[in-house]
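The values are calculated or read from the model by the stated rules, or taken from the named source; none is laboratory data. The model shown is predicted, which means the values in this text are computed figures rather than measured ones. For neighbour counting, all protein chains shown are included, and Cβ atoms are generated from backbone atoms with ideal geometry for every residue, glycine included. When the accessible area is computed, the model is the full protein with side chains, heavy atoms only, and any ligands, DNA or RNA have been set aside. Shrake-Rupley method; radii C 1.70, N 1.55, O 1.52, S 1.80 Å.
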Amino acid sequence: MEVLAFLIPVSLFLGGIGLAAFFWSLRGKQYDDPEGDARRILSDDWDDHPKP
Amino acid sequence: MDGTVTPSVSACPACAVAPAAADVAAAARADDSAPVLLSVPGAHCALCISTLEKGLEKLPQVRSARVNLTLKRISVEAAPGVTAADLIPEVARLGYTAHELDSGMLRASGTDTTGRDLMMRMGVAGFAMMNVMLLSIAVWSGAQDATRDLFHWISAAIALPTIAFAAQPFFRSALAGFRAGQLNMDAPISLAILLAAGTSLYETWNSGEHAYFDAAVALTFFLLIGRFLDHRTRAVARSAAQELAALEVPRALRLTGAGEAVVPVAELAVGDLVRVLPGARVPADGVVEDGTSEIDRGLLTGESLPAFAGPGTALAAGEMNLTGPLVLRVTAAGRDSSLHRMADLVAVAEAGRGRYTSIADRIVKYYAPGVHILAGLSWAGWMLYAGDMRQATNIAAAVLIITCPCALGLAVPAVMTAASGRLFRRGVLIKDGTALERLAEVDTVVFDKTGTLTEGRPEPTNLGEHPRETVAVALALAAGSSHPLARALAEAATSMGIGPAAVTGLREVPGYGVEGRCGERSVRFGRAAWVGAEAGADTAAWLRIGQEPPREFTFADRLRDGAAETVQALVARGLRVELLSGDAEAPVAALAQRLGIEHWRAGVLPAEKADRVARLTAEGRKVLMVGDGLNDTAALAGAHVSISPATALDAARTASDIVLMGGTLTPVAETVETSRRAIRRIRENIGISNVYNLIAVPLAVVGLCTPLIAALAMSSSSITVTLNALRLRR
């Protein structure tokens with residue numbers, strides 16, 4: 001059962017990374033236009049070089 | 001959202017417009033660097049995005065353009081001084097219709113802080129729920145003694161801060177309810193969450209067997225989802241309603257000694273001179289000083305026949321000037337104008353409507369006290385039976401957790417989101433939260449004629465009775481005019497393959513007609529009296545060639561797309577359909593016959609429309625009013641629920657609960673159908689969650705409910721009701 005001493009912090013840490021990523025995406029306004037983002041992936045405008 | 005303009009069903013829709021216009025003017029002065037916002041209702045695919053963005057970014061004055069497809073808007077960063085009016089033609093060149101949106105009015109809804117806040121709480125609660133559930137599974141599968149205590153303590157360490165942060169919206173709302181002396185839905189929610197966390201902490205402290213941390217966090221998470229969906233539906237409706245308000249920024253051309261100046265309508269004063277261009281709305285009540293023209297009173301009175309206007313004619317705000325420019329001396333502005341008298345009528349009609357209590361509110365009224373009484377009784381019962389305070393409190397907490405109104409908190413918003421999302425895609429905008437519920441109860445539909453069942457655009461009816469050469473002369477004369485009858489004739493004749501005759505010296509006499517010379521003979525096309533004919537009952541224009549007797553070209557209003565099918569569909573569903581119009585008897589009777597409407601009335605005044613709706617309501621009928629004009633506004637506000645097309649005057653749109661964005665009436669029948677299905681789903685959902693309660697509550701009361709059973713009952717009922725709600729999307 002000693003392994004719990006590692007596993008629980010590790011699982012909480014990994015979950016915490018997920019939560020931090022969610023906050024980051026929320027702050028980056030990634031949920032403002034879900035429909036547009038779903039369509040934008042189909043456009044090939046910036047396939048060759050990144051948008052300036 | 002704080003600081004937004006509330007486009008709700010205010011007592012006086014028109015009053016809301018004037019201060020908004022003042023805000024708009026102030027915002028425009030304050031901020032030049034804000035992005036220009038345009039509404040593009042036609043954008044719908046990946047290609048639209050890249051066409052619009054690339055097309056706009058090619059322009060030298062545009063720095064960047066970004067399409068938001070969810071809200072169907074473009075935000076353009078442009079050089080200072082570039083306005084929406086400069087960009088609309090460019091968007092039109094790319095093949096899309098664009099409307100101006102005022103960034104000042106929309107800024108608050110652009111960054112949706114409340115929505116983001118709710119989403120953040122949801123994320124935290126979701127994260128905590130996953131972790132606590134993992135730990136709980138270990139306990140459920142048989143962790144003992146020190147291990148179980150350790151897991152409970154870790155759960156507590158995750159759950160307590162989460163509840164303190166994520167459940168704040170419920171606590172705040174419950175507290176606000178208490179202050180107002182009401183027991184709202186958030187009271188049992190808050191109590192269940194707090195009691196579950198509290199007893200679990202106590203149990204953990206005493207190395208107890210059962211802790212409900214997972215239930216407390218899961219409850220918070222599921223209810224936050226419901227709260228978020230509810231907020232999102234409202235926010236989309238509200239921002240779209242604001243777009244509508246921003247569509248028509250009322251302005252007027254004021255004549256001063258120095259020339260003309262564009263001013264907001266709110267700044268007009270009695271005695272000002274205003275120029276009204278052909279095709280523009282009359283901005284304020286006044287008397288014509290100079291110029292002759294014809295005016296369309298359709299939106300105010302429902303008359304389809306344009307009336308003559310010359311010096312001395314009194315005009316009312318909202319009428320449309322058709323042919324010639326007019327100079328108007330303002331006799332009443334702001335509060336005294338006829339627009340505001342109409343608003344008073346609306347206020348009276350709204351007072352008669354009364355407040356509608358939604359299904360959820362009605363149930364909560366019995367539910368919230370019932371749940372508390374049940375929990376209290378089980379606590380008292382166990383105290384009497386076993387005398388163990390700790391056990392009794394545990395059982396009371398379990399009862400509260402099981403009965404927590406997940407179905408109301410999640411199922412109703414989920415159904416409403418699915419239904420309004422489905423309708424939004426079909427161009428129906430639900431402005432009011434309870435509109436769908438009210439629509440489902442409707443048994444009578446009252447239609448307005450001009451502008452609602454008809455497009456308010458005439459169509460020639462007897463072109464075939466005239467010789468081709470005559471039509472060719474009429475076409476040559478009509479082609480030079482912007483009068484709606486002339487345009488309709490020109491369009492119809494051209495589509496019949498008739499070319500214009502050679503007519504020279506064309507001259508339009510505003511308010512009368514067009515004249516010219518065809519070879520040796522003088523020709524005139526216009527009002528009956530001007531060409532020397534007797535006016536008949538129909539809407540008509542007359543043509544005289546030389547000394548021949550005048551010929552009559554009759555017109556009928558063109559049916560709105562989908563009008564016939566809509567009326568048929570509504571009648572087929574067993575609804576009583578009525579037609580109330582301010583127009584003359586002959587055209588109304590013809591239209592009623594054409595559409596198969598049995599009950600109709602012509603020449604109805606605005607107050608009589610509202611009266612008729614009130615009388616139907618008094619007979620116990622639930623009335624759906626569909627109308628677009630200022631004369632319908634009071635009836636729209638007084639009806640149980642109301643729909644107006646996007647072409648309606650803004651006052652009418654503000655007064656109605658639902659707006660049709662497209663040009664067709666077809667969605668009306670579908671909206672009624674969808675609303676009925678939505679209400680059926682809500683009932684089903686409440687039934688489903690009651691079934692779960694029926695199974696789990698007795699277990700909880702007799703003390704057999706373990707945290708595992710609570711978690712199972714709660715999660716499965718939440719998932720079932722959500723899936724059931726999603727069936728509406730198809």
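Observations on the structure shown:
- Chymotrypsin sites (Phe, Trp or Tyr not before Pro) restricted to DSSP loop in chain A with at most 11 other C-beta within 10 Å: A:46
- Between 0 and 90°, nearest 10: helix B:389-403 axis offset from chain B longest Cα axis: 30
- Minimum 50 Å² accessible area buried by the other protein chains, the range A:5-21 residues, probe 1.4 Å, relative to alone: A:8, A:12, A:19
- The protein assembly as shown pair-distance distribution - Cα-Cα, 10 Å bins, rounded %: 2, 12, 18, 20, 18, 13, 8, 5, 3, 1, 0, 0
- Cα long-axis angle, helix B:338-353 against chain B (0 to 90 degrees, to the nearest 10): 40
- Net charge of the neighbourhood of residue B:292, taken over other residues with C-beta under 13 Å away and scored Lys/Arg +1, Asp/Glu -1, is -3.
- Of the GluC sites (Glu not before Pro) found in the range B:587-680, those in coil by DSSP whose Cβ has at most 11 other Cβ atoms within 10 Å are B:598, B:619.
- Between 0 and 90°, nearest 10: helix B:46-57 axis offset from chain B longest Cα axis: 60
- Three-way shape label, the range B:376-486, alpha-carbon gyration tensor, a/c 1.5: prolate
- Convex hull projection area averaged over all views, the range B:251-336, Cα basis, nm²: 5.1
- Mean residue ellipticity (222 nm) of chain B, computed from DSSP H runs ≥ 4 via -39,500 (n - 2.57), nearest 500: -17000 deg cm²/dmol
- For the range B:457-557, a/c is less than 1.5, where a ≥ b ≥ c are the root eigenvalues of the C-alpha gyration tensor. That puts it in the rounded class.
- Between the amide H of residue B:509 and those of B:514, B:515, distances stay under 5 Å, these residues lying 5 or more places away or on another chain, with hydrogens modeled in the peptide plane.
- Long-range amide H partners of residue B:313 with built H, under 5 Å: B:288
- Cβ-defined net charge surrounding residue B:182, 12 Å radius [Lys, Arg +1; Asp, Glu -1]: 0
- Counted by Cβ distance under 15 Å from residue B:470, the other residues give a net charge of +1, where Lys and Arg count +1 and Asp and Glu count -1.
- Annotation: per residue accessible area for the protein assembly as shown equals 44 Å², rounded to a whole number [probe 1.4 Å, protein chains only].
- Fraction of accessible area attributable to carbon and sulfur, chain B (%, probe 1.4 Å): 58
- Pairing chain A with chain B buries about 2200 Å² of accessible area. This figure sums both sides and uses a 1.4 Å probe.
- Considering only alpha-carbon pairs that sit under 8 angstrom and 6 or more positions apart, the relative contact order computed for chain B is 14 percent.
- Hull volume in cubic angstrom per residue (convex hull over the Cα atoms of chain B): 189
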